[in-house]
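Presented below is the structure to which this report refers.
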Amino acid sequence: MSDTCLPKATLRQRFDAFIAANTHKKASETDFRRKGSLGVGLIITHTIMSKPLSFPLNPEDFLAGAGTQVKNLSGSKIKKILMTHGIDKSLGTEVGRTNRGAPQHMRVYIEFLNRLQADDALELQELMGFWLEKVREFFAAKPFELKLDPSLGLRAMIRHLLKQAEDRQRQQQGFNFAGTLAQHLIGAKLDLVLGIDPARHHGANQNDAGGRHGDFLLNDVCIHVTTAPGTLLMQKCKENLSHGLRPIIVTLYSRVAVAEALAEDIEIGNRIDIFEIEQFIATNMFELSLFKPSDRRIKVGEFVARYNELIDEHETDPSLKIHFLE
């Protein structure tokens, strides 16, 4: 059969092929699974639907400022588009403000739109429907899993949870899944130990907002939660000390030695405390349950429930939640 006799691909098939061709890419390339790229698809489609534009489209017309951002791309504008279509959720402010890959995503999408128009296959209403479908899939993404396995120690279970976040981070580079998970795990732990305090928490992308000294400030203790301790963090700890605060760094088991070496380099090694996150959490779970197996299960369940509440309150990605397997 000749090519001319083959049935034409539907718009749906072409869209799915476009998404598939831009999936599992390296960090330097496009990947249309991320919330940042979903925002690009929504805002470009909405822009073209809102005002008549002549084809072929010029990607430069969709750039703002110095060409490092996509015009009109912001969390608030994306949220308005979603609400117009009955989706009362947000992809977050970072889809525009910190989405460095947006211009490249835009160029790839504009090229796709120009091909559709040239083939007389461009249906913007249908395309918007496809993007909204992808957004709904994003919000329905599978959560992390924590299984209370009696054959494993609590530290090992927390470590496995963090590894899930690190694996996801490698697949969807550009978003700090591990750091966000770690911050809210510590937040949930503090709420269980000290009682719930809404003022204690903030979104993971707001660490420096309002001149905050660290992730958590409890009396004179300033807690920094990180999966990648560096020199900037050590400088913050040094500033904490100059303000009469006692800094604590909570990090991954594999990063404790790195943090200790960095602290020694700036001569504050004996003035700060550095803990591994797995032990920091596991110790409290044992103590809160009074070392009773039945109560331990209950306390871990409460810990996960509080963590999930924090994700609902402070983050926009529901796949950050934890499914507790008892």
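May I ask which residue of Leu190, Leu218, Leu82 lies farthest towards the positive end of the charge dipole of the chain, with charges of +1 (Lys, Arg) and -1 (Asp, Glu) on Cβ and the Cα centre as origin? Checking the options against the dipole of the chain, the answer is Leu82. Using C-alpha pairs below 8 Å separated by at least 6 residues, the relative contact order for the chain is 17 percent. Note on the chain: with charges restricted to the Cβ of Lys and Arg (+1) and Asp and Glu (-1), its dipole about the Cα centre is near 340 debye. For segment 112-251, the Kirkwood radius over C-alpha pairs fed into Stokes-Einstein at 20 °C and 1.002 mPa s yields D = 116 µm² per second. For the chain, the longest principal axis of the Cα atoms and the long axis of helix 177-194 meet at an angle of about 40 degrees.
Just going by the charge dipole of the chain, with Lys and Arg at +1 and Asp and Glu at -1 on Cβ, which of Phe144, Ala17, Leu181 is farthest out on the positive end? Value computed over the given set: Ala17. Projecting the Cα atoms of Leu63, His202, Leu310 onto the dipole axis of the chain, where Lys and Arg carry +1 and Asp and Glu carry -1 at the beta carbon, places Leu63 farthest toward the positive end.
Packing, as the average of other Cβ atoms within 10 Å across residues, places the peptides 105-111, 227-233, 148-154 in the order 105-111, 227-233, 148-154, highest first.
Lysine pair count for segment 171-326 (Cα-Cα distance under 26 Å; residues 8 or more apart in sequence or on different chains): 6.
For the peptides 130-140, 113-123, the ranking by mean Cβ contacts within 10 Å, running from highest to lowest, is 130-140, 113-123. May I ask for the distance between the Cα centers of segment 267-297 and segment 124-156, given as a whole number of Å? Here the answer is 28 Å between Cα centres.
Could you work out what % of the accessible surface of the chain is carbon and sulfur, using a 1.4 angstrom probe and leaving DNA, RNA and ligands out of the count? Summing carbon and sulfur atoms, their accessible area is 50 percent of the total for the chain.
The values are calculated or read from the model by the stated rules, or taken from the named source; none is laboratory data. Bear in mind that the values here come from a model prediction, so they are computed numbers and not experimental data. Cβ: placed from backbone, ideal geometry, glycine included. Neighbour counts: every protein chain shown. Keep in mind that these areas ignore ligands, DNA and RNA; they rest on the heavy atoms of the full protein, side chains included. Shrake-Rupley method; radii C 1.70, N 1.55, O 1.52, S 1.80 Å.
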